[in-house]
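Worksheet for the structure shown next.
The values are calculated or read from the model by the stated rules, or taken from the named source; none is laboratory data. Given the structure is predicted, the values throughout are model-derived calculations rather than measurements. We place every Cβ from the backbone using ideal geometry, glycine too, and count neighbours over all the protein chains shown. With ligands, DNA and RNA removed, areas are computed over all heavy atoms of the protein, side chains included. Shrake-Rupley method; radii C 1.70, N 1.55, O 1.52, S 1.80 Å.
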Amino acid sequence: MSFATMLPPLAAAAGGVGMAARMAYWSRRKPAARVETVADWVGAAPLPLKTSILVFCDRQQELMLWRELGFGSNDEGFPTVLDVEYTAYGLDVDVQMRGGHKISDWTDQNTLDAFAHYIGVPEVTALSSSPGFVRLQVRVVDTLGHPSPVPVVSDDVDLEAIPVGVFEDGQIWTMPVQGYHDLIAGGMGSGKSSLLWSLVNGMGPAIRSGRVDLRVIDPKGGMELGFLQPLCTRFACTSEEEMVGLLEETVTDLQEATQQYRGKVRKPVPTPENPLVVTIIDEAATLSAFSTPKMQQRFERAHGLLLSQGRAPLYSVIETVIDPSKENVPQRQLLPYRVGMRMDEAAQVAMIHGQGARNRGSYCDRIPHTTPGVCYVQEDGTAGFRRARAFMVTDADVDRIVAQYKPVPRPVDLADFAEGRAA
C-alpha cells in the first residue's frame, strides 16, 4: 500500500480506535467497562502503524524498545508511554522521560533513525512538549506531499492573519503582517517566492483599495518580483543607491507618520488615507553583506530604524534571505515572526529559530528538495513549531493577482494643492 493511499484508512481508523490507543496506558491501571486487548488495537490499526501500536501500547514491548535503544534498564528504570493518539500523519506518542535524560538525547538524529527502524516507519521526529516529557511523532503519511492551490480571498482582509498555506493537520496557515515584521529564510528553490506571492495574494483586496501601500526592493534586478511592480507605489531593483534610497525614503515617511499619530491614536487602523506600508526586501543579504561598506552602513541604519520604530505607526517589513546568519541579517532580533524553509545545515536552523530549535520541533535541514514551500513556523505563545506548506502559485495565478489587485487610482482633490489646482 503506497503512502498516498494510506490516508483514507488512517482517518477511518482514527475515528474507530483512537480512544482505545489513547487509553492504552491508563487501561493497565484501572479496569475498563469493556475489556479490550492490545491485539484488538493492533488488528484495527492501519497497516503501517500496526507495529507502532503494538510497541507503544504493550508494556512488555515498550520495555523491550527502551532496552534495545539504550533508554533504560531494570536497575536504572525506564521511560513511560503516557498517551498514544492518531494524527493525520501517523501517531503522537507522549513519553515521560527517565530521570537523568535530557531532550537532546531524544532529538539526536541517530536516535530518531533507530526509533524509525525499530517500529518500521519512514520517519520519527521528537520535540519537548514540557519539562521532563517528550513527544515522539511517528510519520507514515506526508500530508504536505502535494501543495494546495492559492485561493481567491475575500475582500474582508484581516491584515493580522493573511492566509498563506496549510498546516500538516489541514488547518489554514495564516501570517501576520500588520504589527509585525516577518523573516523568511530558506535555500535556493525552497519556495520563498511562493510564500511571498501568497502573502501578496492574501493582501490583494487591501492593496487594490489602498489600505496597503506596497513597496518592493528586489536586488535581483526585478527577475524575481518584477511582475509585482503594477501593485507597488514604490519599486526599486536597479542599483544599490536606488534600493537603499527607497528604504531611507520609507524611514522618512515613517517618522512623519509618527508625528501625525502622536497623542492622537495608539493603534491606528489602515485606511486609504493612512495605509499600512508594507516593504518587501527580497534577499536582503545583497544589501546587508554584499554591497559596499558605505551602502552597508546606510542600509543597516535605515533598516534598523524601520524595524525598531515601524510596527505601531503601520509600517511592516517582509524580508527573505538564503542564509540567516548574523552577517546577512544583522538585526534579525527585530524580525519576530520567522519562517524556516528548507536549509542545508542544522546550524542554520538555530540561526532562524534560535538555540535548541531542533529540540523543539524545527527540522528545516530535513525538508527534501522535492517539497518546495514546506517550512516550520513557531506558534504564537508556545515554544514548539508547526510544519506547514505555502500555497502553490502558478504563472496563471501571478497574472490573475496582478490584474485583479492593481490599486484603484484615487480621485484628485484640488484642495491638496497649494493654489487649488493641479497644474
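Based only on Cα atoms, what Rg/Rh ratio does the range 109-157 have, Rh being taken as Kirkwood's radius?
Rg divided by Rh gives 1.25.
The alpha carbons of the range 143-283 occupy a box of 49, 36, 24 Å along the principal axes, longest dimension given first. Recomputing Rg and Dmax of the Cα atoms in Å from the coordinates shown identifies the correct label among [x] 25.1, 83; [y] 21.4, 73; [z] 25.5, 92 as [z].
Taking one quarter of the surface of the convex hull spanned by the alpha-carbon atoms of the range 223-370 gives a direction-averaged projected area of 10.8 nm².
Model label sites at Ala403 and Thr258, defined 7 Å from Cα along the beta-carbon direction, differ in position by 4.3 nm. When the listed pairs Lys220/Lys406; Lys220/Lys294; Lys220/Lys264 are checked against a 30 Å cut-off, the alpha-carbon distance exceeds it for Lys220/Lys264. Note on Lys326: aspartates and glutamates with a C-alpha under 13 Å away, same-chain residues under 8 apart excluded, are Glu300. Build a GNM of the chain with springs between Cα atoms under 10 Å apart, and of Ile184, Ile103, Ile217 the one that fluctuates most is Ile103.
The residues of the chain have, on average, 46 Å² of accessible surface per residue, using a 1.4 Å probe with all protein chains present. Taking 8 Å as the Cα distance limit and 6 or more residues as the minimum spacing, I'd like the relative contact order of the chain as a percentage. Relative contact order of the chain: 16 percent. The simple spin-label model puts a point 7 Å past each Cα toward its Cβ; for Leu47 and Ala114 those points are separated by 3.0 nm.
For GluC sites (Glu not before Pro), the sites in the range 79-176 that DSSP calls loop and that have at most 15 other Cβ atoms within 10 Å are Glu160. Between Gln229 and His146, the contour length at 0.36 nm per residue exceeds the Cα-Cα span by 26.9 nm.
Rounded to 0.05, the FRET efficiency of the Gln61 and Ala346 pair, given R0 = 30 Å and the Cβ-Cβ distance, is 0.40.
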